[in-house]
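Input: a single structure, listed below in structure tokens.
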Number of protein chains: 2
Amino acid sequence: MRLSRRHPRYQSLKVRAGLADAARRGLVVPEGLIAQGRGEAFDYLLGERTTPSARRAERLAARWLLRARAPVISVNGNVAALAAREVALLQRAIPRLAVEVNLFHRTPRRAREVARALERAGVRRPLGVRPAARIPHLPSDRARVDAEGILVADVCLVPLEDGDRTEALRRLGKRVISIDLNPLSRTSLAADLPVVDELTRALGGIRQEAVRLAGSASRGPPPRAPAGSLLADALGTIDRRLKREAARSRRRRAPR
Amino acid sequence: MRLSRRHPRYQSLKVRAGLADAARRGLVVPEGLIAQGRGEAFDYLLGERTTPSARRAERLAARWLLRARAPVISVNGNVAALAAREVALLQRAIPRLAVEVNLFHRTPRRAREVARALERAGVRRPLGVRPAARIPHLPSDRARVDAEGILVADVCLVPLEDGDRTEALRRLGKRVISIDLNPLSRTSLAADLPVVDELTRALGGIRQEAVRLAGSASRGPPPRAPAGSLLADALGTIDRRLKREAARSRRRRAPR
């Protein structure tokens, strides 16, 4: 399908078309397309921009990652398809950041393809292609992690992660930063620091703050995250937007 | 993937897995998967259950369909994949109900596959495989309808329909019943009777009422539908849920 740049939803249609292509190439699985749709709906409800509260969460996330002993970002097929370049730039801004391929629907071939997509975008040494370690209490495939990556990490950035795995990481004592547009998802609810923002905007926001802080962010315990109020803020934004849209649609709709 | 029945999201995971399978078989297109995700987001916000107001809409829908001279249900790839059996049962409860294949992304092969999936589930004589008629003012493929089905119908039940087509049906003077989880979608806004509920729950609800009424629903003009207040109720449900969840999330999260 050809897209006109003047279409009111050009940006989201372009992302959709790109993801559908990635699905045809096998980088993204069907479940990943469904997840994208959920995210789109929440992004629409959040106004398709970074809210002040999400901006705050992204600034905190940059501090957590810079101060971490062993920070890691977990990358699945959707993240690789939508934001491989942003992941590479984030790693450049946070040199200790490990990048680990982490697939819910894992096959050796998909793991290699995701790693290749990351390398092409400039990621150094992606982990997780042949993961030898395991997270306890998760079904087989989804438990596999890299012994140099998530297993030993203290701070995990998990964009578009599933709820079970987020909860499992927290039980292991990791500090978890999620990126998820659904403030009611189990991932957002379980994360220590939930970033409720669209993937590329969130990664860009974290990176900008990391670049700004450069060497100045000291080590030591990270600042506290007001997880509950970050989520409540997102829910409030959605609520206000729905009310505004409802008022608009009442005006528009002529009875017949 | 094996799913545990005890998983907190068993039902929606099962639906998702079924749709992903249908996509692998070509019954569902990538855009249909993304659309499913958008619906899921609204189902989250509605609490993943039929609201009293949606129940009311489903009861009315049953009356409209029973009293119609020529009722039709329009079936796309997602509907066939998710609810072919429910469609067949609905047709059994409403014997005049025609079932028409109606694809946004139409190829002759997909139309045949959708019709076959319906027949396997028990639908009698699905229409729309070789549609010869057209709805005016719609781009080519999406305008095609069956001369024995939608073209001559007085009441159209359109689950998961796109906004342009819903509006076109209304301009033709059809009474349109939509099933769409987004109360602000152009489809919900354009429908005479918007059912804001998940597809299988909605079809099941309409069928139950049709069975209950059996022969007792008289012919003649259908009762009026309070479309505006049905949509307002759905938005109100979401509003209350968002407020409740926001309050809970502020209370719940002890910082760690």
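So, of the residues in segment A:106-152 that are hydrophobic (A, V, I, L, M, F, W, C) and open to solvent by 70 Å² or more (accessible area, probe 1.4 Å), which turns out to be farthest from residue A:164 (Cα to Cα)?
Applying the first criterion (hydrophobic (A, V, I, L, M, F, W, C)) to segment A:106-152 yields A:111, A:114-115, A:117-118, A:121, A:123, A:127, A:129, A:132-133, A:135, A:138, A:143, A:145, A:147, A:150-152.
This time we only want the ones that are open to solvent by 70 Å² or more (accessible area, probe 1.4 Å), so: A:132, A:151.
Details: A:132: 20, A:151: 16 Å.
Here the answer is A:132.
Checked against (1) surrounded by fewer than 22 Cβ atoms within 10 Å (Cβ to Cβ); (2) at pLDDT 95 or above, residue A:198 passes all but a single condition, namely (1).
The condition of being in contact (Cβ under 8 Å) with a residue 60 or more places away in the chain and among the hydrophobic types (A, V, I, L, M, F, W, C) holds for only one of B:160, B:172, B:138, that being B:160. Number of residues in segment B:186-196 that are within 11 Å of chain A (Cβ to nearest Cβ) and within 20 Å of residue B:55 (Cβ to Cβ) equals 4. One residue stands out in segment B:109-135 among those that are among the aliphatic types (A, V, I, L, M) and in contact (Cβ under 8 Å) with a residue 60 or more places away in the chain: the one that is farthest from residue B:156 (Cα to Cα), namely B:117. Kindly check whether there is at least one residue in segment B:52-74 that is open to solvent by less than 20 Å² (accessible area, probe 1.4 Å) and aromatic (Phe, Trp, Tyr). Yes, segment B:52-74 contains at least one residue that is open to solvent by less than 20 Å² (accessible area, probe 1.4 Å) and aromatic (Phe, Trp, Tyr). With a requirement of 3 or more residues that are of a type in the set (Val, Ile, Thr) and more than 14 Å from the chain's Cα centre (by Cα), none of the strands (runs of 3 or more DSSP E) lying completely within segment A:125-222 satisfies it. From the list B:118, B:60, B:66, the lone residue that is more than 17 Å from the chain's Cα centre (by Cα) and not in a loop (DSSP other than H, G, I, E, B) is B:66. Remark: pairs (first residue in segment A:82-105, open to solvent by 50 Å² or more (accessible area, probe 1.4 Å); second residue small (Gly, Ala, Ser); Cβ separation under 6 Å; 6+ apart in sequence or on different chains) = A:85/A:121. Of the set (1) within 13 Å of chain B (Cβ to nearest Cβ); (2) closer than 26 Å to residue A:144 by Cα; (3) assigned to a helix (DSSP H, G or I), all apply to residue A:27 but (3).
The residue that is modelled with the highest pLDDT, among those in segment B:219-236 that are away from chain A (no Cβ under 11 Å) and surrounded by fewer than 16 Cβ atoms within 10 Å (Cβ to Cβ), is B:223.
The values are calculated or read from the model by the stated rules, or taken from the named source; none is laboratory data. Model, not experiment: these values are computed from the prediction. Ideal geometry is used to build each Cβ from the backbone, glycine not excepted, and the neighbour counts take in all protein chains shown. Ligands, DNA and RNA are stripped out before the accessible areas are found, and what is left, the full protein with its side chains, is counted by its heavy atoms. Shrake-Rupley method; radii C 1.70, N 1.55, O 1.52, S 1.80 Å.
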